[in-house]
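Report on the structure given below.
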Amino acid sequence: MTTSIADTAPLLIGGELRPATGGATFDVLNPATEEVIGRAADAGREDMDAAIAAARTAFDTTDWSWDHAFRARCLRQLRDALQGHIEELRALTIAEVGAPHMFTTGPQLEGPVADLGWLADLVEAYEWVTELGESEIMGVRSNRSTRPEAIGVVGAITPWNFPNQINFAKIGPALAAGCTVVLKPAPDTPLIAAAVARIAAEETDIPAGVLNVVSSSDHGLGEQLTTDPRVDLVSFTGSTATGKKIMAAAAETLKKVFLELGGKSAAVVLDDADLNSACFMTALNACTHAGQGCALTTRLVVPRERYDEAVEAAKGAMAAFAPKDPNDPGAFCGPVISAVQRERIEGYIALARQEGGTIEIGGGRPTGEGMERGFWVEPTLISGLDNSARVAQEEIFGPVLVVIPHDGDSDAIRIANDSPYGLSGAVWGTDPERIEKVVAGIRTGTLGVNGGQWYGADVPFGGYKQSGIGRERGREGFEEYLEIKSVATPA
Ligand code: NAD
């Protein structure tokens, strides 16, 4: 990279790295220190318009969408170029996102970069034409085939919590499928997206206009992507509230929407489980990246008769994984992204108290060295409430876990499903038959059993109910970016 993170991060439009029209910029803060770490180009509507036009032209006038071998080569080139800058990207991810260092070796950076290679392999192995054979209809004999094709221009709108994971989970399969892309990153994390844009522009053969990156402090530019008729698909990750607006806005031009939304996932502990490890691991999970993960388990559903024991085990994990400087290799829980997010979390903790809950540990701001500034929240365990409490129903997006009692396996399934969301979850137990019944009963897109990890390039991820529409990653995630054309020729 030829820039330092203190430079203004540019837009990438039509192959050109450039400032916003009029030169507007906005500051980006390090959430662990509140220091300004850089400035991002603050695009306006005309910049977004130019990016959409560039993506449309690249899709309609180049051979990007049908040259599968070239795309596979570009994806590997991008992966290799990113890997060549991995330490700069790591430092930027930690500084901009507040992501603990250890997660940058996985989903916060290295995982999704490596996964571009998996997509390149998929492009090469994919059956781009499937022969259906001969048939006769009303005296006409025909040879039929199906041909999956790129859907067109993709508007990718992403949040701030795992920006690399989510940006690449959209850019990767969209480019692999032959689409062109306009990526609009979240206003809190534009720098890491701009760094990727710079590497793609300067160090790969990805043609001009195929990948465009438009940062802005204005959420309205996301909305512009959802209404512009030149955009064929909107691929969105973010809150359920925004997802609903996007679906409504996209209806006017009837574009396909792909939505990865919020969650309130339950970890169900059966009465034959190793209770201590189940509760410890669930509390640890809830503290991961200060609870800013849509698929983290934030409801701990335990046998009523062992409730107190469960609270003690979860408390132990929260005490052991107190927030730390994200640069510390041992950090598990860093800061939250912003003052606004901290206020929102603190509002929920106050609400838990008003609802009659007990704060077993945490509930305030940590006072450790270096935490005088930055957006810190103590891992917080709430007991004494049932699943109808607002803190058990609504997504908090902070290091907050609610412990809820159940009265047997069916009751535990009922509680897990008593949520508008259906993103993820966990099951802990011993008897395989009982575990299978609970796995079948919980209506979510992913489930981990006894600590099993579903995260991987080949594993589809997404939600039931109000957690979203469609699947990201895996073969299914790639196919979201395809249309199917059926063709018949005389036999
Ligand atoms: P958000 O919904 O506020 O914003 C996400 C993105 O949408 C941002 O880029 C924003 O600028 C843009 N946006 C805002 N309003 C828009 C509109 N009307 N039209 C188009 N774009 C608009 O979410 P956030 O606060 O950035 O992220 C946190 C949320 O994301 C949480 O609810 C979390 O659960 C969810 N999330 C879900 C997943 C998943 O895969 N299911 C992953 C990570 C985060």
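The values are calculated or read from the model by the stated rules, or taken from the named source; none is laboratory data. If you're wondering where the values come from, they're calculated on a predicted model, not measured in any experiment. A quick note on method: Cβ atoms are made from the backbone with ideal geometry, for glycine too, and the neighbour counts reach across all protein chains shown. The area values use the complete protein model at the heavy-atom level, side chains included, leaving out ligands, DNA and RNA. Shrake-Rupley method; radii C 1.70, N 1.55, O 1.52, S 1.80 Å.
Percentage of Cα-Cα pair distances in the range 127-226 greater than 16 Å, rounded to whole percent? Result for the distance tail: 63 percent. Beta bridges from DSSP with both residues in the range 255-405: antiparallel share about 20 percent, rounded to the nearest 5.
Each peptide in 319-326, 108-115, 394-401 gets a packing score, the mean of other Cβ atoms within 10 Å over its residues, and the list from highest to lowest is 394-401, 108-115, 319-326. A simple charge model with +1 on the Cβ of Lys and Arg, -1 on the Cβ of Asp and Glu and nothing else charged puts the dipole of the range 266-449 at about 560 debye relative to its Cα centre.
The range 218-308 has equivalent-ellipsoid semi-axes of 40, 12, 9 Å, by the square roots of 5 times the alpha carbon gyration tensor eigenvalues, sorted largest first. Taking a Cβ cut-off of under 11 Å around residue 379, the surrounding Lys, Arg, Asp and Glu residues balance to a net charge of -1, with basic ones at +1 and acidic ones at -1.
With contributions of -39500 (n - 2.57) from each DSSP H run of at least four residues, the per-residue ellipticity at 222 nm computed over the chain stands at -11500 deg cm²/dmol.
Computed over the range 41-196, the alpha-carbon pair-distance distribution with 5 angstrom bins reads 2, 9, 15, 17, 17, 14, 10, 6, 3, 3, 2, 2, 1, 0, each value a whole percent.
Using a 4.7 Å Cβ-Cβ cutoff, the cysteines of the chain lacking any partner cysteine are 74, 179, 279, 294. Annotation for residue 252 and residue 394: the two label points, set 7 Å from Cα along the Cα-Cβ direction, are 3.0 nm apart.
Using the Cα coordinates of the range 1-96, the gyration tensor eigenvalues translate into equivalent-ellipsoid semi-axes of 28, 21, 9 Å, sorted from longest to shortest. Accessible surface ranking for 465, 437, 1.4 angstrom probe, highest first: 437, 465. To the nearest ten degrees, helix 275-287 and the longest principal axis of the Cα atoms of the chain are 50 degrees apart. Under the convention that each Lys and Arg Cβ holds +1 and each Asp and Glu Cβ holds -1, the size of the dipole of the chain around its Cα centre is about 760 debye. Sorting the segments 230-240, 402-412 by their mean number of nearby beta carbons within 10 angstrom, highest to lowest, gives 230-240, 402-412. A viscosity of 1.002 mPa s and a temperature of 20 °C, combined with the Kirkwood radius over Cα pairs in Stokes-Einstein, give a translational diffusion coefficient for the range 266-449 of 132 µm²/s.
The range 428-491: which chymotrypsin sites (Phe, Trp or Tyr not before Pro) are DSSP loop and have at most 16 other beta-carbon atoms within 10 angstrom? Sites meeting the loop and neighbour criteria: 454, 455. In the chain, the DSSP beta bridges split such that about 45 percent are antiparallel, to the nearest 5.
The peptide list 122-130, 267-275, 209-217, put in order of mean Cβ contacts within 10 Å with the highest first, becomes 209-217, 267-275, 122-130.
Against the main long axis of the alpha-carbon atoms of the chain, helix 307-320 sits at an angle near 70°. Restricting the range 183-253 to GluC sites (Glu not before Pro) that sit in a DSSP loop and have at most 11 other Cβ atoms within 10 Å of their own Cβ leaves 252.
With bins 5 Å wide beginning at 0, the percent of Cα pairs of the range 405-491 falling in each bin runs 3, 13, 18, 19, 15, 10, 7, 5, 3, 3, 2, 1, 0, 0. Three principal axis extents of the chain based on alpha-carbon atoms, in descending order, are 71, 62, 39 Å.
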